[in-house]
Amino acid sequence: MEHAFCSCRLVYRGIKDNNKDISFLHTAIQLNSISIAQSENEILRPQTRKSSKGLVTSLVTKTLLGVMICLPRSRSSTLGISTSRQYRGMGYGSEAINWALDWAFKFSGVHSVSPNCFSSNMCAEKLYERLEFMREGRRRERVWFNKS
Ligand SMILES: CC(C)(COP(=O)(O)OP(=O)(O)OC[C@H]1O[C@@H](n2cnc3c(N)ncnc32)[C@H](O)[C@@H]1OP(=O)(O)O)[C@@H](O)C(=O)NCCC(=O)NCCS
């Protein structure tokens, strides 16, 4: 059940009864007369946005399983963390990062998680090293602050 809504190359998500999903279904599927002829058992006729909206509503409320079949987004993710000052240096940051990594790899299907920090942030840099993140590089002149 770890990746119940993914297969080898695809991701499956719920259909939303909103403009974005209705427009997608209307233009990518319903306006294609060959698709309609092959998939509907009704008389072949031009589809309207209203009929596409009706289809979405019915998929959302009536079908046993109606999903949008999607190509996966990037399988890499970034990680940021901030703990309250009075609780720093007590192992809570490490514990929380390890929990987030477990969650990401067990449940979200990502392949990599990368924390970022400023080179001046020795505390975070040391922590990430201790947790065995590998340094992949240093981005130079990335953030401009106060004209420098
Ligand atoms: C970076 C930050 C998240 C670390 O959080 P934290 O809760 O202090 O993290 P930890 O307590 O797990 O680790 C900090 C140090 O405490 C030490 N520590 C003390 N008691 C500990 C315990 N019981 N268990 C584990 N580590 C302990 C760790 O060894 C670690 O030292 P090291 O990194 O020199 O090895 C925190 O300093 C912070 O919020 N900084 C501001 C925001 C920030 O810079 N975020 C990172 C960039 S996105």
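If I filter the range 75-85 for residues that are at pLDDT below 90, more than 15 Å from the ligand (Cβ to nearest atom), within 27 Å of the chain's Cα centre (by Cα) and of a type in the set (Gly, Ala, Ser), do I get at least one hit? Taking every residue of the range 75-85 in turn, none turns out to be at pLDDT below 90, more than 15 Å from the ligand (Cβ to nearest atom), within 27 Å of the chain's Cα centre (by Cα) and of a type in the set (Gly, Ala, Ser).
Within the range 89-100, residues that are among the aromatic types (Phe, Trp, Tyr) have Cβ atoms under 6 Å from residues that are near the ligand (Cβ under 8 Å from one of its atoms) in these pairs: Tyr92/Thr83, counting only partners at least 6 apart in sequence or on another chain. Of the residues making up the range 86-100, those that are more than 8 Å from the ligand (Cβ to nearest atom) and either among the acidic types (Asp, Glu) or loosely packed, with under 10 Cβ neighbours inside 10 Å (or both) number 1. Are any residues in the range 51-76 basic (Lys, Arg), assigned to a loop (DSSP other than H, G, I, E, B) and farther than 12 Å from Arg13 by Cβ, and if so, which ones? The answer is Lys62, Arg75.
The set of residues in the range 101-148 being touching a residue at least 24 places away in the same chain (Cβ under 8 Å), more than 16 Å from the ligand (Cβ to nearest atom) and among the small types (Gly, Ala, Ser) consists of Ser108, Gly109, Ser112.
The values are calculated or read from the model by the stated rules, or taken from the named source; none is laboratory data. In this text the structure is predicted, and so the values were computed from the model without any measurement. Cβ coordinates were reconstructed from backbone atoms using ideal geometry, including for glycine residues, and neighbour counts include every protein chain displayed.
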